[in-house]
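A.B. asks: Have a look at this one.
The values are calculated or read from the model by the stated rules, or taken from the named source; none is laboratory data. Predicted, not measured: the structure shown is a model, and the values here were computed from it. Note: ideal-geometry Cβ built from the backbone for every residue, glycine included; neighbour counts use all protein chains shown.
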Amino acid sequence: MADKSAFAIAVLAGDGIGPEVMAPCLEILNLAARKTGGFSLELEHLPAGAGAYVESGTALPEETMARARAADAILLGAMGLPDIRYADGTEITPQLDLRFRLGLYAGVRPIRAIPGLRPVLADPRQAAIDLVILRESTEGLFASHGKGVVTDQEACETLVITRAVSERLFRFAFDLARSRKATGAPGRVTCVDKASIFKAYAFFRQVFDEIAAKHSDIEAAHRYVDATALDLVSRPWELDVLVMENMFGDILSDLAAGLIGGMGFAPSADIGENDAVFQPSHGSAPDIAGQGKANPTAMVLSAAMMLEWLGARHGNAAATEAGRRIRNAVDAAFADGSLLPFELGGDAGTEAIADAVVKAL
């Protein structure tokens, strides 16, 4: 990929607290770009989500899709509202449409302890939590999205795992573990499955082992999903890169977010061969929308991930450095323990947290 210094970013603020966490995130992004230099951001705001569905009858307008596809990266707030649903009773989820239509197979969910936050586990090693849940994002049980068959007596959804997508996912996992190993991480990829019971997961593990054999510099391991749930709350500081099917990743990434303070601290990315979406792991939280209570940290950390991805993809070290600076500013903002968001029993809302990060930056 040729070096590049001007990046077009499609901004989909979405619903509920989405616009509330997006606004300070963009302020921090622009500040990081100015402070670092060496690159620029061209932001284009596009409609999508439950609000767009109410106004236009479509949650992801084709114009939005086209503009997002043409952008260098997509920054997403939160989408969907529980009281706005399709005729079949399911919620509005254009973020899933983006994953499927853009082939965003690698769902990257970093779980990293932030200094200064109240420990969740009664163990001093909690501060060492730094793992990544790598969730396959286009197949697994989610392949049935919108396709399930329901009768009066039975409901059926189909789990799908293919060799082509699994191979790409596992290669991504080993590359990720290798880059983390260079900064002090263990350099281990663990395949999380239920191969003892289901043929599909046995196939998933088989493909994993084939790819692992080509990456002998990185340790490969296996773990059943139920045992992994136990390990996440008993010894998460020992874990590195965990790769798994879509539904398992959906569940375990939320569990793991609880270890670091909750969804307000959990960033994410969905990455494909050519496109990527960066968004907080949390939802639209309509119960606190408009109250100034939303924690923007996950949104800000997702933007940092975006800059690092753009920097690596386009050979722009300044963008990578800006992403690192944002992450360091988040750590500095919380480091002394006085900044405590509402969800952790404090009184720091959106503005206070954003101001602290800006000051640190």
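A.B. asks: Show me the helices (runs of 4 or more DSSP H) entirely contained within the range 188-299 in which 1 or more residues are among the aliphatic types (A, V, I, L, M) and touching a Ser or Thr at 6+ places or on another chain (Cβ under 8 Å). Explain how you work it out, then say what you get.
C.D. replies: Numbers: elements: 199-212, 225-234, 246-258.
So the answer is 199-212, 246-258.
A.B. asks: While we're on this one: Being of a type in the set (Val, Ile, Thr) and closer than 15 Å to Ala48 by Cα is the filter; apply it to the range 85-109 and report the residue that is surrounded by the most Cβ atoms within 10 Å (Cβ to Cβ).
C.D. replies: Restricting attention to the range 85-109, the residues satisfying the condition of being of a type in the set (Val, Ile, Thr) are 90, 92-93, 108.
Restricting the remaining residues to those that are closer than 15 Å to Ala48 by Cα gives 92-93.
Values: Ile92: 27, Thr93: 18.
Looking at residues that are of a type in the set (Val, Ile, Thr) and closer than 15 Å to Ala48 by Cα, I get Ile92.
A.B. asks: Also, quick follow-up: For the range 279-286, check the following and say yes or no: at least one residue is buried (at least 18 other Cβ atoms within 10 Å of the Cβ), farther than 27 Å from Ile84 by Cβ and of a type in the set (A, V, I, L, M). Talk me through it step by step, then tell me what you get.
C.D. replies: First, the residues of the range 279-286 that are buried (at least 18 other Cβ atoms within 10 Å of the Cβ): 279-285.
Narrowing the set further to residues that are farther than 27 Å from Ile84 by Cβ leaves none.
No, the range 279-286 contains no residue that is buried (at least 18 other Cβ atoms within 10 Å of the Cβ), farther than 27 Å from Ile84 by Cβ and of a type in the set (A, V, I, L, M).
A.B. asks: Could I ask something else about it? Is at least one residue of the range 28-46 among the hydroxyl-bearing types (Ser, Thr, Tyr), under 23 Å from Arg313 (Cβ atoms) and part of a helix (DSSP H, G or I)? It would help to see each step written out before you state the result.
C.D. replies: Keep residues of the range 28-46 that are among the hydroxyl-bearing types (Ser, Thr, Tyr), which gives 36, 40.
Next, only the ones that are under 23 Å from Arg313 (Cβ atoms) stay: 36, 40.
Retained after the next criterion (residues that are part of a helix (DSSP H, G or I)): 36.
Yes: one or more hits.
A.B. asks: Let me ask another. Given the conditions (1) within 22 Å of the chain's Cα centre (by Cα); (2) in a loop (DSSP other than H, G, I, E, B); (3) assigned by TED's automatic domain parsing to the domain that holds Ala229, which single one is not true for Ile114?
C.D. replies: (3)
A.B. asks: Here's a follow-up. Those residues that are touching a Leu at 6+ places or on another chain (Cβ under 7 Å) and either of a type in the set (Phe, Trp, Tyr) or closer than 19 Å to Pro110 by Cβ (or both), I need them from the range 294-319; list them, please.
C.D. replies: Going through the range 294-319, the residues touching a Leu at 6+ places or on another chain (Cβ under 7 Å) turn out to be 303, 306, 316, 319.
Selection gives Ala303, Met306, Ala319.
A.B. asks: Return a yes/no flag: does the range 269-288 have any residue that is in contact (Cβ under 8 Å) with a residue 60 or more places away in the chain, β-branched (Val, Ile, Thr) and touching a Leu at 6+ places or on another chain (Cβ under 7 Å).
C.D. replies: Yes, the conditions are met somewhere in the range 269-288.
A.B. asks: Here's a follow-up. What pairs can you find where one residue is in the range 125-151 and in a strand (DSSP E or B), the other is surrounded by 18 or more Cβ atoms within 10 Å (Cβ to Cβ) and polar (S, T, N, Q), and their Cβ atoms are less than 8 Å apart, with a gap of 6+ or different chains?
C.D. replies: Hits for this filter: Ile133/Ser253; Arg135/Asn246; Arg135/Ser253; Glu136/Ser166; Glu136/Asn246; Gly140/Asn246.
A.B. asks: Being crowded, with 19+ Cβ neighbours inside 10 Å, touching a Phe, Trp or Tyr at 6+ places or on another chain (Cβ under 8 Å), under 17 Å from Gln126 (Cα atoms) and not polar (S, T, N, Q), is that true of even one residue in the range 254-262?
C.D. replies: yes
A.B. asks: Checking the structure you have, find out if any residue of the range 293-300 is out of contact with any His (no Cβ under 8 Å at 6 or more places or on another chain), surrounded by fewer than 24 Cβ atoms within 10 Å (Cβ to Cβ) and either over 26 Å from Phe7 (Cα atoms) or outside the structural domain of Ala78 (by TED's automatic domain parsing) (or both).
C.D. replies: The answer is yes; a qualifying residue exists.
A.B. asks: Could you figure out which of (1) under 20 Å from the mean Cα position of the chain (by Cα); (2) without any contact (Cβ under 8 Å) to a residue 40 or more places away in the chain isn't true of Ile17?
C.D. replies: With respect to (1) under 20 Å from the mean Cα position of the chain (by Cα); (2) without any contact (Cβ under 8 Å) to a residue 40 or more places away in the chain, Ile17 is out only on (2).
A.B. asks: What number goes with the only condition from (1) out of contact with any strand residue (DSSP E or B) (no Cβ under 9 Å at 6 or more places or on another chain); (2) in a loop (DSSP other than H, G, I, E, B); (3) not β-branched (Val, Ile, Thr) that Ala318 does not pass?
C.D. replies: (2)
A.B. asks: Here is a check on your reading of the model: is Gly184 surrounded by fewer than 15 Cβ atoms within 10 Å (Cβ to Cβ), in contact (Cβ under 8 Å) with a residue 24 or more places away in the chain and either of a type in the set (Val, Ile, Thr) or part of a loop (DSSP other than H, G, I, E, B) (or both)?
C.D. replies: no
A.B. asks: If you don't mind, there's one more thing I want to ask. Collect the residues in the range 343-360 that are modelled with pLDDT of 95 or more and either touching a Lys or Arg at 6+ places or on another chain (Cβ under 8 Å) or assigned to a helix (DSSP H, G or I) (or both), keeping them in residue-number order.
C.D. replies: Residues satisfying the conditions are Gly349, Thr350, Glu351, Ala352, Ile353, Ala354, Asp355, Ala356, Val357, Val358, Lys359, Ala360.
A.B. asks: Another question, then. Filter the range 3-27 down to residues that are farther than 26 Å from Lys359 by Cβ and either in contact with a His (Cβ under 7 Å, 6 or more places away or on another chain) or in a helix (DSSP H, G or I) (or both) and give me whichever is modelled with the lowest pLDDT.
C.D. replies: Here the answer is Asp3.
A.B. asks: While we're on this one: Using the structure shown, decide if Arg163 is surrounded by 14 or more Cβ atoms within 10 Å (Cβ to Cβ) and either more than 21 Å from Gln95 (Cα to Cα) or modelled with pLDDT of 95 or more (or both).
C.D. replies: no
A.B. asks: For the range 314-327, does any single residue satisfy the condition of being aliphatic (A, V, I, L, M), free of Cβ contacts under 8 Å to residues at least 60 places away in the same chain and within 19 Å of Val21 (Cα to Cα)?
C.D. replies: Initial filter on the range 314-327 (aliphatic (A, V, I, L, M)): 317-319, 322, 326.
With the extra rule that they be free of Cβ contacts under 8 Å to residues at least 60 places away in the same chain, the set shrinks to none.
There is no residue in the range 314-327 that is aliphatic (A, V, I, L, M), free of Cβ contacts under 8 Å to residues at least 60 places away in the same chain and within 19 Å of Val21 (Cα to Cα).
A.B. asks: Answer yes if at least one residue in the range 199-207 is touching an Asp or Glu at 6+ places or on another chain (Cβ under 7 Å), within 19 Å of Ser268 (Cα to Cα) and assigned by TED's automatic domain parsing to the domain that holds Ala127, and no otherwise.
C.D. replies: Step one: filter the range 199-207 for residues touching an Asp or Glu at 6+ places or on another chain (Cβ under 7 Å), giving 201, 204-205, 207.
Retained after the next criterion (residues that are within 19 Å of Ser268 (Cα to Cα)): none.
No, the range 199-207 contains no residue that is touching an Asp or Glu at 6+ places or on another chain (Cβ under 7 Å), within 19 Å of Ser268 (Cα to Cα) and assigned by TED's automatic domain parsing to the domain that holds Ala127.
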